[in-house]
Every structure is written in C-alpha cells, then in structure tokens.
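First the structure, in the form of structure tokens, and then the observations on it.
Each reported figure results from applying straightforward, stated rules to the coordinates on display, with no laboratory input. All figures in this text were calculated on a predicted structure; none of them were measured in a lab. Please note: Cβ atoms are built from the backbone with ideal geometry, for glycine as well, and neighbour counts cover all protein chains shown.
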Amino acid sequence: MERDDERAPVAAIERVAVVGAGTMGWQIAALVAGSGRRVSLFDALPGAAARAVTRMRTELPPVIAGGAFPPGQVDADALVARVALPDTLAAAVGDADLVIEAVREEIATKRAVFADLSRLAPGAMLATNSSSLPSSVVADVVDAPGRLLNLHFFSPVWERPMLEVMGCGATRPEVLSAGVAFGRSLGLVTATVRGESKGFIINRIWRAVKRESLRVVDEGHADPEDVDRLWMNFFGTASGPFGIMDMVGLDVVADIEASYIAVATDPADRESPTLRRMVEAGRLGEKSGDGFYHHPDPAYREPEFRRGKSRPE
Ligand SMILES: NC(=O)c1ccc[n+]([C@@H]2O[C@H](COP(=O)([O-])OP(=O)(O)OC[C@H]3O[C@@H](n4cnc5c(N)ncnc54)[C@H](O)[C@@H]3O)[C@@H](O)[C@H]2O)c1
C-alpha cells in the first residue's frame, strides 16, 4: 500500500549516505563529497570506513591532479572533511536525502539492509549499486518502492566515469529523473535503462561478448590470443575480451556467467568448459599470475602482439 510520502516531492539531493565502504563504497563516497555534498559512510565491519578515508587521502590527489576526477579539480582535504563516519547505520542514514547501498552482492544481505533502510531512512531515495540484481528484488521489503532504484557505478570510477540508472518497476518518474540529475552532477556519463534489464546496458552487452568469445574457443575455432588480436584491431582497443576477463578474475567471470546461465532460455547458453577448467586449475587471471595470459606482463600488452607477432606464452 502506498504511503503519503509516495506523493511527496523529491527533495534536492544534498545529504547522501553510502552503506558499505569496500571497493565501490569509498569511490562513490569520494565522488559525492567531491561534488560538494556531505556524505556519511557506514560499514558493518569495524575499521572499514576509516580505511576508506585513508584511501581517499592517498589515492585521490594524483587522480585529481591528473584531471581524471569526474567532479573536477577539487581540494582533496576539503573533500575528506565532508565525509562523516557515523558509528551506526541509523545515524548514517537518518537525515539522508539519498542512500546508496554498496554491500556485498548477495540477495539476503541486500534484503536485510533495505529492510533496515526502509525504517531508518524515511522518505529518502534508496539506491542499490548492485552489478547484477535489479532493485525489484528488494522492493517488497521497502515501505514505498516508488523511492527505490538502481544506481550502477563502475570501477575504477575515474577510468569509467559512467552511471546506469534503472527503476524497480514502481519507481516514481521524478525519482528516476533525480537519479539522472544526481549522476550528471557528479560528472558521470549517465544513462537511463528503460524497464528492467539483467546486466543493465553495458554489463549485458559485455556478457554477450564474453559468451561468444568463450564459445568460439570452446568449439575450437580460435585460440584466445587470436580472438583478442582481431578484436583489438577491429575496435582499436588496448585489450580484447580474454585480456579483460583476466583482469576481472576468472572466478568472478565464472560466477557472473552462472548467474546469466541460471535464467537463460537458450539451451546453447551453458557453462564454458574452457572457463571451468581454468578456474578448477586455479588459473584465475591477474590475481593468480596466470590465466589466458601470464601476468604481470601479459603478451597482449606488447606492441607486436596486435600485428600477430607475439612472443610465445
Ligand atoms: N567491484 C566492482 O567492480 C563493482 C562494480 C559495480 C558494482 N559493484 C557492486 O557494488 C557492491 C559492492 O561491491 P564491492 O566490490 O564494493 O564489495 P566489497 O566486498 O569490496 O565491499 C562490500 C563492503 O560491504 C560491507 N558490508 C557487508 N555487509 C554489510 C552490511 N550489512 N552493512 C554495511 N556494510 C556491509 C563489507 O564489510 C565491505 O566493506 C556489490 O553489489 C557489487 O556487485 C561492484
């Protein structure tokens, strides 16, 4: 049942709370503080929010100096001074206009967080930064799902200054518009996803690329190096699908593949034996030193690779 605040005007987004201070949370909090807003950062793990602030102090100055910080040339000390680290979730979100959830990618955890947010942040816009879950999966635990949406940021945000905005099916149009305006105010290229799309826009397209790249190799038509070499020439990029999969981590790629395969209607959309063998062998890409390439100096980064004269791997 709709509450009165379903019809209330959307407040200007001045105070923002970020819940979860891991890989994404600290970057999102930095963007928000960089845009001049006050931000409260909360993490259930003691010390995690303080570590996030340490990362802001050490990692932001070169990004800002290099001109890559999406909000622009801001003073890093002043930015950090706008970040508060309350001890409790209630204190962090109580007066927020917008809460951005960035906790681990697990439905039960997200549902518990959104049930708390529904109670503790009355009237605030509630967003999830999930990379695969539509916000509709938490809509039933939020009192007024008209205020719920996906705000999907990318990492590292300074290299991928983009935001995808998607509703939960019941999101009020003015909440979606406010999400778009917010993304633009952070200096991000902001796109609205119409309706509901698993993988939003880019992750969904990237998934199709991964699936077909793996399939071409699984079927024995090409080896990973030739797929990447052709891709790099065709699209003029510095890496190809297999090089990028190595960067992401092949265990993570396998988990993401599984989440798409679980809902696939095409029987040909099934687990890649190549990927499975590599994960089983502990060849996880950059993080393990070995994957489709040897790291930290993979062959595709050599100037000659693109022209088909790679050194033997
Ligand atoms: N890492 C990426 O490249 C990336 C990109 C886009 C979106 N995402 C999404 O962002 C979200 C966070 O990912 P991440 O990579 O930052 O994860 P992470 O593991 O680095 O950080 C998650 C943080 O959440 C905290 N946490 C867990 N449960 C909590 C709770 N109940 N309350 C408060 N804090 C809690 C953890 O202590 C941890 O610090 C996920 O939904 C993920 O899918 C990640």
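Here are a few things to note about the model shown:
- When restricted to residues that are out of contact with any helix residue (DSSP H, G or I) (no Cβ under 7 Å at 6 or more places or on another chain), assigned to a helix (DSSP H, G or I) and either within 15 Å of the ligand (Cβ to nearest atom) or without any contact (Cβ under 8 Å) to a residue 24 or more places away in the chain (or both), the stretch 5-31 contains 5.
- Taking the stretch 68-108 as the range and being over 17 Å from Thr58 (Cα atoms), crowded, with 19+ Cβ neighbours inside 10 Å and β-branched (Val, Ile, Thr) as the test, the residues that pass are Val93, Val99, Ile100, Val103.
- Within the option set Val137, Val113, Val142, being out of contact with any Lys or Arg (no Cβ under 8 Å at 6 or more places or on another chain) and without any contact (Cβ under 8 Å) to a residue 40 or more places away in the chain holds for one residue only, Val142.
- Residue ID - nearest to the ligand (Cβ to nearest atom), chosen from residues in the stretch 75-102 that are under 21 Å from Thr190 (Cα atoms) and part of a loop (DSSP other than H, G, I, E, B): Ala102
- Among (1) in contact with a strand residue (DSSP E or B) (Cβ under 9 Å, 6 or more places away or on another chain); (2) more than 14 Å from Ser213 (Cα to Cα); (3) acidic (Asp, Glu), the one test that Asp255 misses: (1)
- Any hit, the stretch 104-121, residues being in contact with a Gly (Cβ under 7 Å, 6 or more places away or on another chain) and under 29 Å from Asn203 (Cα atoms): no
- If you go through the stretch 105-134 and keep only what is part of a loop (DSSP other than H, G, I, E, B) and near the ligand (Cβ under 10 Å from one of its atoms), you end up with Glu105, Glu106, Asn129, Ser130, Ser131, Ser132, Leu133.
- The listed residue being more than 15 Å from the ligand (Cβ to nearest atom) and of a type outside the set (D, E, K, R), out of Val137, Val142: Val142
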